[in-house]
Amino acid sequence: MAEFTMELNDEQKEVRDWLHGFAADVIRPAAAEWDEREETPWPVIQEAAKVGIYSLDFYAQQYFDATGLGIPMAMEELFWGDAGIALSIVGTGLAAVGVLANGTEEQIGTWIPQMYGDAGDVKVAAFCSSEPDAGSDVASMRTRAVYDEAKDEWVINGTKTWATNGGIANVHVVVAVVDPDLGSKGHASFIIPPGTPGCSQGQKFKKHGIRASHTAEVILDDVRVPGSCLLGGKEKLDERLARAREKAKQGGERVKNAAMATFEASRPAVGAMAVGTARAAYEVALDYATTREQFGRPIIDNQGVAFQLADMRTRIDAARLLVWRASWMAINGKPFTAAEGSMSKLFASETAKKVTAQAIQILGGNGYTREYPVERMHRDAAIYTIFEGTSEIQRLVIARTLSGMPIR
Ligand SMILES: Cc1cc2nc3c(=O)[nH]c(=O)nc-3n(C[C@H](O)[C@H](O)[C@H](O)COP(=O)(O)OP(=O)(O)OC[C@H]3O[C@@H](n4cnc5c(N)ncnc54)[C@H](O)[C@@H]3O)c2cc1C
């Protein structure tokens, strides 16, 4: 176990400064343009691929950092640059993690390279779980996967929604129901290879924020994929389903389960994205408050403004500490006895919303215009309390974990 320290080591500082340079020189200057275009910023992803930021190697290196701080540090810097563009860069990683977590070595080796492509021909990937009637309530998912034994193929039908990179992805990872009697325990994940007939993009959403990130429906109409596209393989699935059926027979299960543990480990990464956006807005506000003069003095000379900045910075630092604690716990296999992962996501995402709103207030009329970036940052920040589990769902998870009660 790595020795506890509050300081990044030299290697981490080097990576952080390198990422910050990319975020400042490449991402931030492109942010307003791609927000207005509401399109995937392919040239920026390409640039990230050229320098090695858009790659599995980079993601894996940060993921396996023994202190746990690699991923949160990377997310904070990239999202400090711009949330929409950063999500376009890291969205593939979210799908890749689905394969890394559940796939066989062969599946990892086959599909992850196709998710990223290469610097000359970059590709993206999508993770498709949400459905029009199954957002927070994942158990009510309807997309169905049926095994065709004669052909050793899975046949998948359904509609996925709000999928980041949905429809433009080279590889889609799709969660589907294989046993409707088992609720979320009867779900399995499938790879949809590039160009598979029946898999198409539905509506592309026009969004409030993170507009440089593509979000769309994915239609699955009699999609047939080889048996080898079931993540983890058929044998493992059959064993898992048998165990779930046995447990269902024995009666209700406690709320703490393996799936929840996985979410606890991944949620701090979203918290770190929120910290990046909050920090970006705070920095703009601090700079503005020290240079903008009213009544013959910088507006920061007023306690009403200065105290807001003090609160903003305090909340941001507290959010980062919660994110780092949960990330450190995840890499060291510490049990999340108080849902510390959900806590970090809840606090950091609420912080991003609050701090970006305060930043607009401090910039006054300028903050409300697109001449300054805080208006965009505030629109972007609203996503953090919604995706990867809304704030209400985080509170539910925390309350259930603390009490052991099935609070609804
Ligand atoms: C930009 C964007 C990108 C996304 N990317 C992806 C992606 O790549 N892949 C993917 O699978 N999904 C993705 N999502 C979907 C996202 O995870 C869902 O939107 C989210 O889980 C919430 O589901 P919902 O929108 O259906 O809201 P609902 O579940 O309908 O919730 C609506 C409101 O009711 C509240 N609520 C619901 N149940 C409870 C309860 N039990 N107690 C208290 N309050 C409750 C919620 O907190 C919320 O405020 C994305 C969404 C967006 C907007």
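The values are calculated or read from the model by the stated rules, or taken from the named source; none is laboratory data. Everything numeric here is computed off the predicted structure, so don't read it as measured data. Quick reminder, even Gly has a Cβ in these numbers, built from the backbone with ideal geometry, and neighbours come from all protein chains shown. The accessibility values were calculated without ligands, DNA or RNA, using every heavy atom of the protein model including side chains. Shrake-Rupley method; radii C 1.70, N 1.55, O 1.52, S 1.80 Å.
Working only within the stretch 303-323, note down all residues that are open to solvent by 50 Å² or more (accessible area, probe 1.4 Å) and more than 18 Å from THR356 (Cβ to Cβ).
GLN303, GLY304, LEU321
Go through the stretch 332-352 and report how many residues are buried (at least 20 other Cβ atoms within 10 Å of the Cβ) and either outside any loop (DSSP other than H, G, I, E, B) or acidic (Asp, Glu) (or both).
Residues that pass the stated criteria total 12.
So, of the residues in the stretch 62-91 that are of a type in the set (S, T, N, Q) and at pLDDT below 95, which turns out to be least open to solvent (accessible area, probe 1.4 Å)?
Applying the filter and picking the extreme gives GLN62.
Go through THR356, THR369 for me and flag whichever is loosely packed, with under 14 Cβ neighbours inside 10 Å and either within 30 Å of GLY186 (Cβ to Cβ) or not hydrophobic (A, V, I, L, M, F, W, C) (or both).
THR369
Rundown of residues vs (1) outside any loop (DSSP other than H, G, I, E, B); (2) modelled with pLDDT of 95 or more, yes/no style:
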position	(1), (2)
LYS13	yes, yes
ALA23	yes, yes
ILE27	yes, yes
ALA30	yes, yes
ASP35	yes, yes
THR40	no, yes
GLU47	yes, yes
ILE53	no, yes
ALA60	yes, no
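Within the stretch 379-405, can you find the residues that are assigned to a loop (DSSP other than H, G, I, E, B), of a type in the set (A, V, I, L, M, F, W, C) and near the ligand (Cβ under 7 Å from one of its atoms)?
Matches in the stretch 379-405: ILE386, PHE387.
Assuming SER136 fulfils every condition listed in (1) more than 16 Å from the ligand (Cβ to nearest atom); (2) hydroxyl-bearing (Ser, Thr, Tyr); (3) closer than 19 Å to GLU388 by Cα apart from one, which condition is it?
(1)
On the given criteria, is ALA101 in a helix (DSSP H, G or I), touching a Phe, Trp or Tyr at 6+ places or on another chain (Cβ under 8 Å) and within 16 Å of the ligand (Cβ to nearest atom)?
For ALA101, the condition - in a helix (DSSP H, G or I), touching a Phe, Trp or Tyr at 6+ places or on another chain (Cβ under 8 Å) and within 16 Å of the ligand (Cβ to nearest atom) - is not met.
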